[in-house]
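Remarks on the structure that follows.
Only the coordinates and a few stated rules stand behind these numbers; no lab work does. Just so it is clear, the model here is predicted, and its values are computed rather than measured. Because the Cβ atoms are built from the backbone with ideal geometry, glycine has one as well, and the counts that use them run over all protein chains shown.
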């Protein structure tokens with residue numbers, strides 16, 4: 001397959017010129033093409049925000065849900081039809097702010113989906129307010145004296161909840177990002193890929209230059225199966241490590257844990273009950 | 001000492017939470033039905049796990065009875081507070097049974113029969129046996145054979161182990177023994193006829209009826225968050241998940257629950273949620289998502305008194321407005337409010353077909369009283385049960401929101417066919433992609449609202465008219481008041497009063513006005529403070545209902561209350 005197979009002709013892209021989202025879109029298309037994932041077997045689920053528009057610019061099945069609510073439908077889609085590749089893609093505000101509760105609890109469920117979070121440390125669509133990942137002293141039209149809330153650290157939270165795959169990428173490093181995305185999509189279980197992405201219009205602090213200077217890749221010696229190491233590295237905030245922090249290939253997925261799939265792998269949406277079973281259930285209701 | 005001779009008895013058991021009043025209810029309703037009597041029960045209880053005061057009313061009759069009455073022919077008091085708790089319903093015709101200790105302060109004019117229930121429980125090894133002893137006493141007094149009783153005890157307690165079963169059988173026998181002693185002093189039930197056919201009838205709760213309907217509708221996915229009184233439906237579906245391929249998932253919150261169910265539906269599984277007032281309020285945003293993306297979903301709302309947390313374990317019909325107007329924007333929907341178990345089964349099954357047919361949210365309004373009442377019914381009609389298939393295999397250039405003449409775009413699902421299925425919570429074009437083309441916007445609203453409503457209005461369930469069409473007085477009701485109003489009309493036995501019951505409340509049946517204008521006087525009963533359905537009728541038809549009888553203390557209407565209201569309206 002070729003990345004072009006995912007092109008959407010005539011899409012009216014709403015991103016600013018130079019936006020980091022373009023790089024993520026391009027890298028994602030290449031990743032999917034190299035992995036031979038067909039558009040009709042792929043579902044992208046997104047929320048609201050500039051990142052949430054990405055699925056509209058990539059040929060696939062897509063469910064553009066409500067703000068902060070992309071994970072619940074994504075998990076349900078995978079559970080109903082495990083044959084689909086399901087990728088949740090949204091921004092930091094959507095995934096960590098409005099959807100924070102779903103983020104926490106779906107890590108616990110461990111559905112076999114990939115959760116890509118575009119992290120630009122600012123609200124783009126609503127024009128420049130603080131996001132959960134905005135860094136200290138970041139001034140905005142609402143945080144007029146600068147942000148003083150402790151920034152949300154998605155990686156350390158995910159690792160603390162034993163998310164089965166936790167990684168961070170930087171959109172400009174397209175080859176490294178592609179490798180991380182491939183491993184995340186291949187991974188059996190919930191995979192978080194937080195992708196740093198500059199917002200060229202509303203975040204004049206965390207620019208391409210800033211990300212370049214303030215990130216580095218985890219050494220090859222980093223052991224991603226060591227959760228304590230992973231947590232320690234995720235807590236680094238002076239310079240921000242990139243790469244695969246943590247992975248656990250032994251955790252059962254949400255779908256594997258579902259009784260409906262123990263003996264029968266037929267996707268749920270294809271199933272119909274047997275009338276005789278309904279009749280005998282009704283018959284049993286002669287007693288409580 | 002004797003009870004008023006009648007073919008219909010109302011027995012109330014009252015005790016505190018943790019005393020097992022609901023266990024007694026479970027034992028007795030089964031025993032009574034197996035003995036061949038008609039039975040019906042309803043309960044009121046406090047929102048606490050221990051203490052407080054809870055009561056259950058069990059009615060036994062030769063006739064079919066399905067409603068709550070104020071009258072208490074017999075009160076079995078399992079704690080001291082019971083008399084105070086039920087004082088408004090006790091009169092000189094009420095036979096009060098209880099331990100000496102519990103009845104110390106009882107009014108001398110009352111009919112009291114002392115029975116050592118709690119005392120015997122202590123002797124058997126603990127107060128925990130009082131519930132089974134009480135069930136045994138009543139079972140004996142109702143002429144139910146002890147073999148039937150023992151079998152029920154065995155079935156109910158077998159999962160707790162043989163030791164427990166033995167102890168409870170012994171407790172039941174003790175109850176029968178106490179009953180023997182009492183039966184010398186009282187003669188009851190002689191006028192209630194047994195009918196062997198009843199033995200083989202179904203014994204359901206409102207929750208069971210809805211749950212069976214949802215299974216029949218091929219529900220495959222349910223995500224929900226526990227909330228009284230809808231938790232029981234969640235439990236029902238979760239328990240039958242294995243046999244009927246239903247995925248039940250307890251969501252992290254109500255918001256997740258409805259969004260999950262909509263996602264599951266997008267992927268092709270018939271989906272539902274169950275919730276109550278405040279839980280439903282959290283879901284409103286996602287109701288709009290179902291409307292906008294045209295993704296079918298069935299929403300069960302078990303009503304209870306609000307606002308906010310309100311009275312968690314009581315009943316109300318306060319969330320009609322909330323469902324009619326839920327979600328931002330405008331889109332088609334259907335709202336049902338079944339009045340009896342047969343209708344609840346039928347409607348719940350149909351709800352899934354209609355949700356798929358019109359690609360909309362379909363609501364089932366229930367309430368605590370309806371969900372938690374039990375009664376026997378002859379059977380459930382399976383002849384109409386059909387899973388209508390509205391999902392298509394997508395062609396290569398599939399457009400999810402293709403503009404068709406009737407407004408229904410054939411619905412595809414991801415992974416089934418050559419096309420891709422694009423849905424969006426933003427306004428979208430025919431492909432499903434974001435648009436701000438205002439011409440398309442108008443066409444999409446026409447499709448989602450006007451065109452669908454036009455089709456939906458063609459198949460609204462007509463309200464049921466009970467009584468002749470030559471009425472002077474027309475009583476109006478919806479949802480759970482059905483049984484109570486119907487029995488009240490039987491009591492009155494008047495040709496001039498008829499009852500119009502709505503099993504579907506939205507959209508309003510098109511000929512509703514004809515029924516209303518035929519009456520000299522109209523009266524509506526609603527378990528809310530503002531007359532929500534009356535106001536809705538006014539909004540839709542311009543018709544003012546003359547009398548609104550509104551009850552909002554958390555209890556259902558009783559047959560007597562309805563009779564009294566109607567008598568005063570007739571000027572009797």
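Worth a mention:
- Ranked list, fewest to most other Cβ atoms within 10 Å of each Cβ, for A:210, B:478, A:15: A:210, A:15, B:478
- The distance from the alpha carbon centre of the range B:145-211 to that of the range A:217-270 is 54 Å, rounded to a whole number.
- Two-site FRET efficiency, residue B:403 against residue B:325, from Cβ-Cβ distance with R₀ of 25 Å, rounded to 0.05: 0.40
- Spacing of the two label points (7 Å from each Cα toward its C-beta) at residue A:38 and residue B:457, in nm: 4.4
- The slack between residue A:228 and residue A:145, meaning 0.36 nm per residue of separation minus the straight C-alpha distance, is 26.3 nm.
- Fewest-first ranking of B:517, B:560, B:285, using other Cβ atoms within 10 Å as the exposure measure: B:517, B:560, B:285
- Take each residue in A:275-283, count the other chain C-beta atoms within 10 Å of its C-beta, and the mean is 5.
- Of the beta bridges in the range B:302-445, as assigned by DSSP with both residues counted there, near 10 percent are antiparallel.
- Peptide B:126-137 has a mean shielding of 0, counted as Cβ atoms of other protein chains within 10 Å of each residue's Cβ.
- Shielding of B:195-203 by partner chains, average beta-carbon count, 10 Å: 2
- Calculated FRET efficiency for the pair residue A:279/residue B:250, C-beta based, R₀ 41 Å, to 0.05: 0.90
- Percent of Cα pairs exceeding the 19 Å cut-off, where the set is the range B:203-263: 25
- With the simple spin-label model, which puts each label point 7 Å out from Cα in the Cβ direction, the residue B:386 to residue B:490 separation comes to 3.4 nm.
- When both bridge partners sit in the protein assembly as shown, DSSP labels roughly 30% of those beta bridges antiparallel.
- Counted over chain B, the DSSP beta bridges are approximately 35% antiparallel.
- Per-residue ellipticity at 222 nm from helix content only, as computed over chain B with -39500 (n - 2.57) for each DSSP H run of at least four residues, stands at -10500 deg cm²/dmol.
- Ordering of A:149-156, B:421-428, B:101-108, B:362-369 by burial proxy (mean other Cβ atoms within 10 Å per residue, highest first): B:362-369, B:421-428, A:149-156, B:101-108
- Shape of the range A:3-284, Cα gyration tensor, a/c cut at 1.5: prolate
- The range B:25-64-the range B:527-572 distance, computed between alpha-carbon centres (Å): 27
- Projected label points at residue A:221 and residue B:436, each 7 Å from Cα along the beta carbon direction, are separated by 5.4 nanometres.
- Alpha-carbon centroid distance for the pair the range A:1-33 / the range B:266-315, whole angstrom: 37
- Each residue of the range A:131-288 gets 222 Å³ once the volume of the Cα convex hull is shared out per residue.
- Shape category assigned to the range B:391-457 from the gyration tensor of Cα positions, a/c cut at 1.5: oblate
- Estimated from helices alone, the mean residue ellipticity of chain A at 222 nm is -8500 deg cm²/dmol (sum of -39500 (n - 2.57) over DSSP H runs with n ≥ 4, per residue).
- Spin-label zone in the range B:454-473 - amide nitrogen under 17 Å from a point set 7 Å from the Cα of residue B:520 along the C-beta vector: B:468-473
- Rounded is the label for the range B:8-200. Its Cα gyration tensor axes, ordered a ≥ b ≥ c, give a/c under 1.5.
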